[in-house]
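Down below is the structure, laid out as structure tokens.
The values are calculated or read from the model by the stated rules, or taken from the named source; none is laboratory data. If you're wondering where the values come from, they're calculated on a predicted model, not measured in any experiment. Because the Cβ atoms are built from the backbone with ideal geometry, glycine has one as well, and the counts that use them run over all protein chains shown.
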């Protein structure tokens, strides 16, 4: 093939133009559709994030089935506590209205660890107007119970003063009569 | 003990009555199996869960009409770590990465500051720190989460537009576009970002955008037993956050000199908090 | 993960944000500016001949271009190893974010690659046409493609080539500077990191790029000549070493200026930077980068450039200095990229970095990736003859 003095340059330029055009078309085809509606991002990503499944579903859906706990919980001092914090997220328990798993119920030493996350006075920075705290095991000694006692042997976990108030009431009635 | 039972039963009866009267539709939703399409809507928009942020449900959600802020009240935080636990569960955050965490600050009488945050505060703070020789003057907890900056560094540096600030002010991540370069992690002055070891894309706190759009509080705010975390719409003059921010209290943001203008405010933060 | 986490906490004297324990930009990101730096530096050596007419560099003017090309082909590999989702790498070309310092990479890299490749092809065109006539089969096909099926070597055609070469070499210089200065800006633009956020960062990266490029060429040139039992051009090596000295003095001055300005300005983050350089980075910065690998080469360079050293000794000295300066730049990249990330954004503590041997971004990968450009260079040498004199013999 006979080549003129600039045929290689022409071919290079042609090649670069084809490369650029193909690249541009490829870019237009593969760019996501909703890109740039609000800004330099895919606008659909907002709705996708909004549609993410909720795993925690507040206390409301728990109460209709767990009526006994519900009764205690809503009248007790722990009424602001989330069921799901101690027991785990609703999504691990009920899916599409059907029970799919058991949520754990803390027992024994676990209860003590759980209660002291909030109520341990040894951790300073727990203001009295926010939370009532105790020092262990001094609290057990004060109340004249065994040091092996777990918290829930005196305090009902869902309504901490429930038994204590009842006991006090019973005692005062006795005293009066 | 004998006295407890009748009282309890009575309580139970009234409760059931209330439930039947008040939330009969809601409770039935949970008990009676539903058709698939009903289920979908009931899970997407949980109408049976009472609204926690007024003005979201009902009419069409208008992104330009809201200005959400988050306030952390350091004087109320007790360092229980409920927020961290709930957050980890809500998003199945892999171990060793934190969308939110709670730091413990200790100041001794010589004004030395000791900060720690074992396991991001997930296990709570069960014991006082034992490696401090001098008497402790002050202890406080500082919860950390995404600052939702008005001028976010992460959005500025993301090379592909995979992280962005939505019209309603949330800095979110498009995990479909993220290439996992970690530039945003370098750029975030608050270190709230991490590379998810499962998806290999960047991740961070979203102030539970999916809950907010359903009219519910972020999960950390919802579970906080001490009301140390507050969330709301500043455009709603009745909201608690509006009252706090327009009130006389001292409100600060973290690393103000960075110039990112966070929408996360701290109430009662000492000057040592970084 | 958890064990490492606990371990890091106990090692630290003070507090690191929980998400800062992991160093996200590891060896791959230290390697990437190293490789692009060599590309930019080698290109500038060839431009000294092609644009600025430094005649004594003629023997390596072609070699340095191919050297740059070989490293350029491997420059993206460390990035692909680093990315969490490497299969999405084209997103950076599809939707580049105009406000991101990193987003330009795809286009700058591509344009620079085109300019470099075209310059090589135009410079080599007479040679390639000649080789095409001599070869058969596959090699003939390759040469036919590389000459764009044009055998025209008329004076008119060569004059056109000469103009195009000058143009490409001229725009190549700013592009090489942009390619590497911009890599420095990727770090310099991170205000959250006090060791990175300095306008000196692009300057330091650019100058160290020139140092590593020139040093790489001197070393590989002398090594190839030694192993092929041919004399290296003394005049050329001496000129290169002079340029190396010039670039390195500037580079070192700016590196020290950065440390000096940190310690003199004493801004809010000074204590963190100070403790970093005198703590975790003491060995790799003060002893490695500054003491052994900067001060000693400076003395050696002074000896080589300012006194009369005989040719054999000069070549040994130049190789040694080049090797040390190549290492100096490795240390500098390490101290900037990985060292900078050791400071937690809490400004209260440092994390630790443990390189793994068999990690995706581990030591083994780094070694393989550093050898890859040399393998590519060997392959290129089968197609493009490095040296003019080989042509004359043919």
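Inspect all residues belonging to the range A:86-94 and state whether any of them is within 13 Å of chain B (Cβ to nearest Cβ), under 18 Å from residue B:49 (Cα atoms), in contact (Cβ under 8 Å) with a residue 60 or more places away in the chain and part of a helix (DSSP H, G or I). Quick ask: steps written out before the conclusion?
So in the range A:86-94, the residues within 13 Å of chain B (Cβ to nearest Cβ) come out as A:86-94.
Subsequent filtering for residues that are under 18 Å from residue B:49 (Cα atoms) retains A:88-94.
Then keep just the ones that are in contact (Cβ under 8 Å) with a residue 60 or more places away in the chain; that gives none.
The answer is no, given that none of the residues of the range A:86-94 is within 13 Å of chain B (Cβ to nearest Cβ), under 18 Å from residue B:49 (Cα atoms), in contact (Cβ under 8 Å) with a residue 60 or more places away in the chain and part of a helix (DSSP H, G or I).
Consider residue B:30 against the criteria (1) over 28 Å from residue B:195 (Cβ atoms); (2) facing chain A (nearest Cβ under 8 Å); (3) at pLDDT 50 or above; (4) assigned to a helix (DSSP H, G or I): it satisfies all of them except one. Which criterion is unmet? It is condition (3) that residue B:30 fails. Looking across the range C:27-78, just one residue is surrounded by 23 or more Cβ atoms within 10 Å (Cβ to Cβ) and not in a helix (DSSP H, G or I), and that is C:75. Residue A:13 fulfils the conditions (1) modelled with pLDDT under 95; (2) not in a loop (DSSP other than H, G, I, E, B) except for a single criterion, (1). Every condition in (1) exposed (fewer than 15 other Cβ atoms within 10 Å of the Cβ); (2) under 26 Å from residue C:351 (Cα atoms); (3) touching a residue at least 60 places away in the same chain (Cβ under 8 Å) holds for residue B:97 except the one numbered (1). Looking at C:54, C:23, can you tell me which residue is in contact (Cβ under 8 Å) with a residue 24 or more places away in the chain, more than 14 Å from chain B (Cβ to nearest Cβ) and farther than 20 Å from residue C:208 by Cβ? Of C:54, C:23, the one residue that is in contact (Cβ under 8 Å) with a residue 24 or more places away in the chain, more than 14 Å from chain B (Cβ to nearest Cβ) and farther than 20 Å from residue C:208 by Cβ is C:54.
Residue-by-condition table, conditions (1) without any contact (Cβ under 8 Å) to a residue 60 or more places away in the chain; (2) out of contact with any strand residue (DSSP E or B) (no Cβ under 6 Å at 6 or more places or on another chain); (3) within 14 Å of chain C (Cβ to nearest Cβ); (4) closer than 30 Å to residue A:89 by Cα:
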position	(1), (2), (3), (4)
B:205	no, yes, yes, yes
B:213	no, yes, no, yes
B:220	no, no, no, yes
B:223	no, yes, no, yes
B:234	no, no, no, yes
B:244	no, no, no, no
B:247	yes, yes, no, no
B:252	yes, no, no, no
B:256	yes, yes, yes, no
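Does residue A:82 satisfy being under 30 Å from residue B:268 (Cβ atoms), out of contact with any strand residue (DSSP E or B) (no Cβ under 8 Å at 6 or more places or on another chain) and within 10 Å of chain B (Cβ to nearest Cβ)? Yes, satisfied. Residue-level analysis places residue A:105 among those that are at pLDDT 90 or above, surrounded by fewer than 16 Cβ atoms within 10 Å (Cβ to Cβ), out of contact with any helix residue (DSSP H, G or I) (no Cβ under 6 Å at 6 or more places or on another chain) and within 20 Å of residue B:123 (Cα to Cα).
Looking only at the range A:61-79, residues that are surrounded by 18 or more Cβ atoms within 10 Å (Cβ to Cβ), touching a helix residue (DSSP H, G or I) at 6+ places or on another chain (Cβ under 7 Å) and at the interface with another protein chain (Cβ under 9 Å from one of its Cβ atoms) come to 6 in all.
For the range B:139-151, does any single residue satisfy the condition of being over 30 Å from residue B:109 (Cα atoms) and within 7 Å of another protein chain (Cβ to nearest Cβ)? Within the range B:139-151 (the criterion being over 30 Å from residue B:109 (Cα atoms) and within 7 Å of another protein chain (Cβ to nearest Cβ)), the answer is no, since none of the residues qualifies. Could you tell me whether the range C:233-248 includes any residue that is touching a residue at least 60 places away in the same chain (Cβ under 8 Å), touching a helix residue (DSSP H, G or I) at 6+ places or on another chain (Cβ under 6 Å) and assigned to a loop (DSSP other than H, G, I, E, B)? Yes, that holds for at least one residue.
The criterion of at least 3 residues that are closer than 24 Å to residue B:149 by Cβ is met by the following strands (runs of 3 or more DSSP E) wholly inside the range B:67-136: B:68-73, B:101-108.
From the list C:57, C:77, C:48, the one residue that fits, being within 30 Å of residue A:32 (Cβ to Cβ) and out of contact with any strand residue (DSSP E or B) (no Cβ under 8 Å at 6 or more places or on another chain), is C:77. For the condition out of contact with any helix residue (DSSP H, G or I) (no Cβ under 7 Å at 6 or more places or on another chain) and at the interface with chain B (Cβ under 7 Å from one of its Cβ atoms), residue A:15 does not qualify. For the criterion of being assigned by TED's automatic domain parsing to the domain that holds residue C:172, in contact with a strand residue (DSSP E or B) (Cβ under 6 Å, 6 or more places away or on another chain) and either farther than 25 Å from residue C:339 by Cα or assigned to a loop (DSSP other than H, G, I, E, B) (or both), residue C:84 passes.
Any residue at all in the range C:147-156 that's assigned to a helix (DSSP H, G or I) and touching a helix residue (DSSP H, G or I) at 6+ places or on another chain (Cβ under 7 Å)? Steps first, answer last, please.
In the first step, residues of the range C:147-156 are kept if they are assigned to a helix (DSSP H, G or I); the result is C:155-156.
Next, only the ones that are touching a helix residue (DSSP H, G or I) at 6+ places or on another chain (Cβ under 7 Å) stay: none.
Checking the range C:147-156: not a single residue is assigned to a helix (DSSP H, G or I) and touching a helix residue (DSSP H, G or I) at 6+ places or on another chain (Cβ under 7 Å).
Residue count for the range B:108-138, restricted to those that are within 12 Å of chain A (Cβ to nearest Cβ), within 16 Å of residue B:273 (Cβ to Cβ) and crowded, with 19+ Cβ neighbours inside 10 Å: 1. Filtering the range B:175-192 down to residues that are in contact (Cβ under 8 Å) with a residue 12 or more places away in the chain, surrounded by fewer than 24 Cβ atoms within 10 Å (Cβ to Cβ) and under 21 Å from the mean Cα position of the chain (by Cα), which residue is farthest from the other protein chains (Cβ to nearest Cβ)? Restricting to residues being in contact (Cβ under 8 Å) with a residue 12 or more places away in the chain, surrounded by fewer than 24 Cβ atoms within 10 Å (Cβ to Cβ) and under 21 Å from the mean Cα position of the chain (by Cα), the top hit is B:175.
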